[in-house]
Amino acid sequence: MSRLIATRRLVSKIFIPRLATRAFCTDAPEKLNDVPSGSHFNKEPEGDEHFMNDVPQHDIAIVGGGMVGMALACSLASMPLTKHLSIAIIDSNPALSNGPVIKKDDPPDPRVSTVTPSTISLFKDIGAWEHVEQHRHAYFDKMQVWDYTGFGYTKYNARDADKDVLGCVVENKVLHKSLLSCLQNKDFNSTIYPTRLSSLSLPTRSVSSAGASVSSTSSKNLANLAKLDLSDGTNLYAKLVVGADGSKSRVRELAGIKTTGWNYSQSAVICTVEHPTENFCAWQRFLPAGPIALLPIGDNFSNIVWTMSPKDASNHKIMNEVDFVKAVNHALDSGYGPRPESRVFGGDVLSSFFRPDVTSSVHERFEPPPKVVRLVSDRMAFPLSLMHANQYASKRVVLIGDAAHTVHPLAGQGVNMGYGDVSSLSNVIADGVAVGSDIGEVTLLKKYEAERKTANIAMMAVLDGFQKAYSVDFGPINILRAAAFNGANVFAPLKRNIISYASGERRLPFLS
Ligand SMILES: Cc1cc2nc3c(=O)[nH]c(=O)nc-3n(C[C@H](O)[C@H](O)[C@H](O)COP(=O)(O)OP(=O)(O)OC[C@H]3O[C@@H](n4cnc5c(N)ncnc54)[C@H](O)[C@@H]3O)c2cc1C
């Protein structure tokens, strides 16, 4: 049985389409009045039984209503040129139908994202940030990054780059729910299909009238649209299919788009922990097996993202809580090597060389991170890999978010890259609508690909370089790393550049 949920202005309609109920439900004809206004149903006159051909048509079918797919829907809903488009969102995740339950007093969920100032701006522009602010979230204006060898550290302060914050840590379920609430508040043609994409038929020929609204698409032109077969046995047509269906993207597979990448032979263990006082800083210490991060998430809670070998990750997931807390404090502070008090490889020498262009945080001393006293959530482990789609766009298909790229979480950039895709694709679609072109046309979609591929490849290269540089425990490399830490700490233009790149303000690192 298929259920559709129309999200137009707080109205959630659930109805049973004729195709699914014809054999079972005698009042099916009346039910047709419940067809949400966001979808257009095509009747192919040449069919023997026209009920069989009542197939919804949409301008855009977003496959995957995760954090990135939902952001695209909200972004399109908020732009004057695109808000009239008819959008289908296909995802069987129950959170889309029921909305995740977020209880204020529950400890934070271990799945969180560090969102950059650029992402916060996007959320403000589309009207979703006001919903985030109603739930737990933690802005941070300081970051301390250091190395287990004790040779170097870097402190970043938002005021080094004339900013108020470096970022904000938000639970993924809060980001998702905020986008859903935002969409429900808009006067927008969107329909949620609580099912999954199973197969996709893409057109092999071009028909010039595909630029017209889907409502005026004649049956002859259906052959020029993408046809999506859903796992509940229904199907729909769309001018553009957006693959926002994560790293194992079915859309990418069905469109025949290949990927490049590798596994890191590392897993990330994540959980929520408690400490005696509130934390306002993002801490990251590089250890021989990978970094451990302690990220503020409000009250006396922080989130741990700890990279290690898959075998160690399995052990750390099941060890008793007391031992786990001890292991976390050992990894964050007391174990592996000394605290970086010394300034042998930089510090005063470098700061006097670059004076007066040093940032205020160069004089801030190394601080030990808060001591963790309790584990307050489940521990989860995720295998880590780098993956990049060789193409982001082909005729009637485009990829965004993890469907197009996955990265190591060491700099918390994955979903931020996805939100960069959302901004770019919304603008490209709006440009296409403005000039009356077919929004599924590959020449238009390639503009999105060109813009985002450059930015994403640069970010992937930086993150992969970090991952490799910090996976080596070898004397000369350790010294170079320490010099890099201290150089970044004292050399103001470099530090500002890093902050601005990590904030999402600059598309390319260190080049402009
Ligand atoms: C340990 C860890 C920590 C991280 N920390 C950060 C961080 O701090 N900051 C940051 O920016 N990023 C971070 N990331 C990355 C971030 O979590 C991902 O980039 C983000 O979740 C990707 O979102 P998405 O919507 O593209 O994909 P997903 O979250 O994977 O969503 C895909 C959606 O598609 C749906 N779907 C799948 N297949 C189908 C189908 N066939 N039909 C219909 N629907 C389908 C799924 O149900 C799902 O809802 C982290 C990742 C990890 C592993």
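Brief remarks follow.
- Equivalent ellipsoid semi-axes, segment 398-443, via Cα gyration tensor eigenvalues times 5, rooted, Å: 27, 10, 5
- For the pair Glu321 and Glu278, the difference between a 0.36 nm per residue extended length and the Cα-Cα distance amounts to 13.3 nm.
- Ordering Phe151, Phe123, Phe366 from the fewest to the most neighbouring beta carbons within 10 Å gives Phe366, Phe151, Phe123.
- Contact order normalised by residue count of segment 264-306, Cα under 8 Å, 6+ apart, percent: 45 percent
- Placing a label point 7 Å from the Cα of Asp162 along the Cα-to-Cβ direction, none of the residues of segment 103-133 has a backbone N under 12 Å of that point.
- Annotation: amide H of Thr259 within the under-5 Å range of Asn390, sequence separation 5 or more or interchain, hydrogens built in the peptide plane.
- Local electrostatic count, Leu295, Cβ distance below 14 Å [Lys/Arg +1, Asp/Glu -1]: -2
Taken together, the values in this text are just the output of simple stated rules run on the coordinates, not laboratory data. None of these values were measured; they are calculated from a predicted model. Cβ: placed from backbone, ideal geometry, glycine included. Neighbour counts: every protein chain shown.
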